[in-house]
Amino acid sequence: MSANSAESPTRVDVVLVKAGRTKIRYASELLHDDGTRLAVRAPWAGAGVRDFGFVRFEAGDVFTEYYWRDRWYSVKEVRTAAGLLKGWYCDITRPAVLTGTELVVEDLDLDLWRSADGTDVLRLDEDEFAESGLPERDPAAASAAVIALNELERLARGDGFTSLLD
């Protein structure tokens with residue numbers, strides 16, 4: 001479905017699934033869908049402030065999120081309510097599936113953070129990934145997840161996702 005088609009929704013519910021359960025569901029505005037990559041925008045959907053130590057997500061923050069139907073990750077550009085770029089939070093996921101107005105992505109526990117100035121590129125939750133059992137349960141998916149994390153880290157340390165998101 002193209003974002004320019006008549007049947008294209010302007011609102012999409014993003015559903016993040018983890019370990020077979022819905023982790024979070026939130027409304028977003030569909031910005032773009034070329035059949036492979038989707039872009040949506042949504043306010044911070046978490047309850048209260050989430051302080052990771054290296055970044056805080058809080059009320060008023062705006063996420064422009066990029067999902068792919070053929071890649072094992074999503075990239076979320078994070079800005080303050082005033083438009084100041086905080087950085088990019090990346091989830092390693094199975095490829096996204098859009099059905100009607102529901103965009104479902106399965107979180108595979110690995111994450112990456114790149115600060116706005118590019119000085120911090122952090123691989124996150126590798127311990128959770130190892131403990132998830134995915135490497136034993138689905139070795140092919142685990143391998144795709146690690147390859148995706150490595151690709152995102154390479155991009156984050158290089159052009160900072162410019163080539164990926166333009």
Quote the relative contact order of the chain in percent (integer), defining contacts as alpha-carbon pairs under 8 Å separated by 6+ residues. 16
Tally the DSSP beta bridges in the chain and give the antiparallel ones as a percent, rounded to 5. 90
Defining a contact as two alpha carbons under 8 Å apart and six or more residues distant in sequence, what relative contact order in percent does the stretch 71-166 show? 23
GNM, the chain, Cα, under 10 Å: largest mean-square fluctuation among 65, 151, 136? 136
Proximal charge balance of residue 145 [Cβ under 9 Å; K/R count +1, D/E count -1]: 0
Using alpha-carbon positions, what is the distance between the centroids of the stretch 16-52 and the stretch 105-166, in Å? 17
Net +/- balance of residues flanking residue 49 in space, Cβ distance below 15 Å, scoring K and R +1, D and E -1: 0
For a quick check: with amide H placed at 1.01 Å from N, whose amide H comes under 5 Å from residue 86's, ignoring anything fewer than 5 positions away on the same chain? 78, 79, 80
Treat every Asp and Glu Cβ in the chain as -1 and every Lys and Arg Cβ as +1, leave all other atoms uncharged, and give the resulting dipole magnitude about the Cα centre to the nearest 20 debye. 300
Please report the net charge: other residues with Cβ closer than 12 Å to the Cβ of residue 74, K and R +1, D and E -1. -1
For the stretch 82-135, what does the alpha-carbon gyration tensor say about shape, rounded, prolate or oblate, given a ≥ b ≥ c as the root eigenvalues, a/c under 1.5 as rounded, and a/b over b/c as prolate? oblate
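Accessible area per residue, 1.4 Å probe, Å², for the chain: what's the number?
On a per-residue basis, 49 Å².
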Carbon and sulfur atoms account, in whole percent of the 1.4 Å probe accessible area of the chain, for 50
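The values are calculated or read from the model by the stated rules, or taken from the named source; none is laboratory data. Owing to the predicted nature of the structure, the values given are computational and were not obtained by experimental measurement. Virtual Cβ from ideal backbone geometry, glycine too; neighbours counted across all protein chains shown. Remember, those area values only see protein heavy atoms, side chains included, never the ligands or the DNA or RNA. Shrake-Rupley method; radii C 1.70, N 1.55, O 1.52, S 1.80 Å.
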